[in-house]
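One structure is given below, encoded as C-alpha cells.
Just so it is clear, none of the values below were taken in a lab; they were calculated from the coordinates. Keep in mind the model is a prediction, meaning the values are calculated, not measured. Note: ideal-geometry Cβ built from the backbone for every residue, glycine included; neighbour counts use all protein chains shown.
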Number of protein chains: 4
Amino acid sequence: MGKGRLEAFSDGVIAIIITIMVLELKTPHGSTLDALIPLLPVFLSYLLSFVYVGVYWNNHHNLVHAVNKVTGGALWGNLHLLFWLSLIPFVTAWVGENHFASVPLACYGFILCMCSIAYLILANCLAADNEALKLALGKDRKGKLSTLLYASGMALSFVQPLIGFAVYVVVAMIWFIPDRRFEGRS
Amino acid sequence: MGKGRLEAFSDGVIAIIITIMVLELKTPHGSTLDALIPLLPVFLSYLLSFVYVGVYWNNHHNLVHAVNKVTGGALWGNLHLLFWLSLIPFVTAWVGENHFASVPLACYGFILCMCSIAYLILANCLAADNEALKLALGKDRKGKLSTLLYASGMALSFVQPLIGFAVYVVVAMIWFIPDRRFEGRS
Amino acid sequence: MGKGRLEAFSDGVIAIIITIMVLELKTPHGSTLDALIPLLPVFLSYLLSFVYVGVYWNNHHNLVHAVNKVTGGALWGNLHLLFWLSLIPFVTAWVGENHFASVPLACYGFILCMCSIAYLILANCLAADNEALKLALGKDRKGKLSTLLYASGMALSFVQPLIGFAVYVVVAMIWFIPDRRFEGRS
Amino acid sequence: MGKGRLEAFSDGVIAIIITIMVLELKTPHGSTLDALIPLLPVFLSYLLSFVYVGVYWNNHHNLVHAVNKVTGGALWGNLHLLFWLSLIPFVTAWVGENHFASVPLACYGFILCMCSIAYLILANCLAADNEALKLALGKDRKGKLSTLLYASGMALSFVQPLIGFAVYVVVAMIWFIPDRRFEGRS
C-alpha cells in the first residue's frame, strides 16, 4: 500500500490542528495594548502547542519518510495518533482560559502523554516490517524519557502549576533539537 | 482523467470533517475535573464519529487506490459521498449536546445510512470500467449488512437510544477490521 | 513553473470553503424533529452552495489539467478566483438565516457572478499560452450564459426571491452536466 | 530530505489561514444592504490580508521551488514562518472590528514585520546549501525595503491610522508585482 495518501491526509489533519488553535485567540474587546494582556496565557499555551504539533509533524515526516509502504494496521495506528493530536487544541484552550490552573495543565500533560504513546505504537507498527527503521529507532530513549517527563509534569502540576508547565516546555525543547537518528539516514 | 486531485481534494475535505468535530468540545467553564463531566457525551459521540470518518477515509483510500482513472461521473459520485460525510459533524454535535436522545440518534443513523449508500454508488461508478474492482467488491455483503444495521439502529433509537447507539458502535467495529477484499490486492 | 502546488493549494482552499459552510448548520436547541425545521433554509442554501463549489472544483480540475505549466499571472488569476469563492460561505449563511430574502439572494448572485468572471479571467490567462485549451474553451457560451443568468437572478430576486433562487438552481444544474469540451480531451 | 511534504504541509496551513479569515465576516443581522455597512472595515482588512497571505504563498512557492532538498533547520524555519502567518487572522480581525484604530494597526504591522523577518530567515536557511538561490536572492532589497516600510507603517499608525494602513497597502502592491528574480529561473 502506497504511503502518499497517508502523508497527505496526515498533513491535512495536522495543518488544521495547528491552525484552528489560533481561533482561541479571540478578538480583544478594545483597541489598546492593555486589551492584549488577558490574551497572554492563551498566547503562551498556543505557542507551546504550536511547537508540540510542529515537533509531531517533523517526527511524523521523518518516520514515514523512512518506510516504503504501510500496512492496514499502520493506517489505524496513524489515525490513533491523529485522534490524540486532535485533542491538543481542546486542552490548549482549557489551559489558556484558566491561566495555567492545575487540572487543565495535568490534562494537557495527559494528552501529550497519550500522543507520545500513540506515536510509539505507530513507530513500532511501521518498524515491524522495516529493519532499517527498527535500527534507527533503537531503544528510543528520547521517546521513553518524554513519556516519563509528561507523567512527572502531570504530577507536578498539582504541586505548582508553573513547574508542570516548565516540564512541558523542557520536553518541547528536547524534541526541538532535530532527531539525529533520522538525520543521518534521510 | 487522473485520480491525483480527486484523492487530494477528498483527503482535504475528510481531514477538515474529522478535525472540525473537535470544535464541539467547547472549553469547559471551570478548572476542575468535574467541569469535564458534561463533555462526556460530546466526547463519546466525537470518538464514534472519528472512527467512522477514519473508516470512510480508509475505505476511500482502498477504493480509489484500486482504479487507475476516474470518469466525470465518479467525480460527482465522490462529491455526493463528501456531502453526506460533511453532515456527520452536525449530527455528532446534535447527539452529543442532547445526551443521546432518540431523534438525534436516529438522524445520526440516517446520515450514516446515506453515507453508506453514497459510498456504494461511488464504488459501483468506479467499478463500471474496472473488472478487477468489480470482482474485489463482489456481492459487497459487508456494505449491504451495514446499511441494514444503520436502518435497524435508527428504529431501535426510538425504543431505547442506547441500543441504537450500540448498533452504530457494532457497525464501526465491523469496519474497523480492515477490508480483506482490498488487502490482498494492494 | 510547475502546476502541482497551484493544484494542491486550490484543493486545500476549496476543500475548506466547501466544509466550513456546514458550520452554519448550528446544533438545534431541542431533540425533536421539529427542531430541524428552522434549519431547512440554511440546509437548502448549504446544498446549493455545495453543488456550486463542487462545480467550480470540477471545472478548475479540468481547466488546470489541460495546461502543463502556469505563469505568475495565472497564480494571481487563481488567487482572484479563490477570493470570490471564499465569500460564498458568507452569502450562503446570509441567505439561509434570512429565509431567502431579496437582498441576500441578490448578493448571493453577485458573488456567483464575480466567481464566474474570475473563472473566465483565469481560463483566458491559462489559454493565452495554450492553443489546445483556447480551442477547447471556444466561444465559452456556457460561461457567458451563466454570467447573464446570474445577473437576471439578481434582478429577479427583487421581484420575487424564489424566482431568483430558482434561476441559481437552474445554472447549477446546467453546470452539473459535465463539460463535454474537456471530457473529450482528458 | 524531500521537499514534497514541506510543500504539502505549508500549502495546507496557508490554505487554512487564508480561508478562516472569512469567518470574521459574521452573518449580518438584517436583510438589507445597510446591514453590510458595518462589515466594510472587516471586509477591507480581510481583502488586504488575503492579498498578503497570497503574496506569501506565491513567494513561498517560488522559494521552495528553487531548492531540491531541505534540511532539518529549514523545516523549523518554515514552521517559524507559518507561526507568524497564523497570527495574521487574529490581527486582521482586531483591525477590522476596531475600524482601523492605531494600536491594532500597529500590531498588524508588527505581525507583517515578523512574517517578513521569518521569511528572510527561511530564505537564508534554504540558500545556505544552494548557490543558485543565493544568487537569485541577491541583496534582497525588496525584502529589506518592506521590513523597513512595515516599521514606518507601525509608527505612522499612531500619527494617523489611515496613513499606516496606506503604507501596508503600498507594500502589498510592491509584492503583488511578481518577483522577477525567480520568474527567470523557474
inquiry  = Test of understanding: in a Gaussian network model of chain D with alpha carbons linked when under 10 Å, which of D:I17, D:I111, D:I174 would top the mean-square fluctuation ranking?
reply    = D:I174
message = Label position 7 Å from Cα toward Cβ: report the copy-to-copy distances for D:I177 in nm, one decimal, ordered from shortest.
response = 4.7, 4.7, 6.7
key: Label 7 Å beyond Cα on the Cβ vector: A:N124 copy-to-copy distances, nm   = 4.4, 4.4, 6.2
request  = Using only the C-alpha atoms of chain C, find the volume of their convex hull and express it per residue in Å³.
outcome  = 110 Å³
note = If R0 = 41 Å, then D:N68 and D:L145, at their Cβ-Cβ distance, give a FRET efficiency to the nearest 0.05 of 0.90
Pseudo-label separations to other copies for C:I163 - Cα-to-Cβ vector, 7 Å, nm = 5.4, 5.4, 7.6
remark   = Note, the range A:132-147: 3J(HN,Hα) by Karplus (6.51, -1.76, 1.60, θ = phi - 60°), whole Hz, Gly/Pro = x, goes 4, 5, 4, 5, 5, 5, x, 7, 6, 4, 4, x, 5, 4, 5, 4
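Determine the shape class of the protein assembly as shown: with a ≥ b ≥ c the square roots of the Cα gyration tensor eigenvalues, call it rounded for a/c under 1.5, and otherwise prolate if a/b is greater than b/c, oblate otherwise.
Numbers: a/c = 1.18, a/b = 1.00, b/c = 1.18.
In terms of gyration-tensor shape, rounded.
Counting only other chains, what is the mean number of Cβ atoms within 10 angstrom of the Cβ of each residue in peptide A:97-106? Intermediate values should be presented prior to the final figure.
On the way: counts 5, 7, 1, 1, 3, 2, 8, 8, 1, 1.
For this peptide, the per-residue mean of nearby foreign Cβ atoms is 4.
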request  = List the relative contact order of chain B as a percent without decimals, with contacts defined as Cα pairs under 8 Å and 6+ residues apart.
outcome  = 25 percent
request  = Taking chain A as the reference, fit the longest principal axis to its C-alpha atoms, fit the long axis of helix A:72-86 to the helix C-alpha atoms, and give the angle between the two in degrees, 0 to 90, nearest 10.
outcome  = 10 degrees
query = What are the residues whose amide H is under 5 Å from the amide H of A:D140, where those residues sit 5 or more places off or on another chain and H is modelled from the backbone?
reply = none
request  = Would you mind checking the tilt of helix A:40-65 against the longest principal axis of the Cα atoms of chain A, expressed as 0 to 90 degrees and rounded to 10?
outcome  = 0 degrees
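To the nearest 500 deg cm²/dmol, what mean residue ellipticity at 222 nm is calculated for the protein assembly as shown from DSSP H runs of n ≥ 4 alone, each contributing -39,500 (n - 2.57), summed and divided by the residues? List each step's numbers first, then the result.
Numbers: 36 runs with 560 residues, N = 744.
It comes out at -25000 deg cm²/dmol, rounded to the nearest 500.
Just order D:97-107, B:5-15 by mean Cβ neighbour count inside 10 Å, highest at the front, would you? If you can, show how the numbers build up before the last one.
Values: D:97-107: 20.8, B:5-15: 25.1.
Ranked from most to least packed, the peptides come out as B:5-15, D:97-107.
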task = Report ³J(HN,Hα) in whole Hz for each residue of the range C:158-165, in order, from the Karplus equation J = 6.51 cos²θ - 1.76 cosθ + 1.60 where θ = phi - 60°; Gly and Pro get x.
result = 7, 6, 8, x, 5, 5, x, 4
Rounded to whole Hz, the Karplus (6.51, -1.76, 1.60) HN-Hα couplings of the range C:103-112, x for glycine and proline = 4, x, 5, 5, 5, 4, x, 4, 5, 4
remark   = Placing each pseudo-label 7 Å from Cα in the direction of the beta carbon, A:I163 and D:V169 end up separated by a distance in nanometres of 5.6 nm
request  = For chain B, find the longest principal axis of its Cα atoms and tell me its angle to the long axis of helix B:4-20, 0 to 90°, nearest 10.
outcome  = 10 degrees
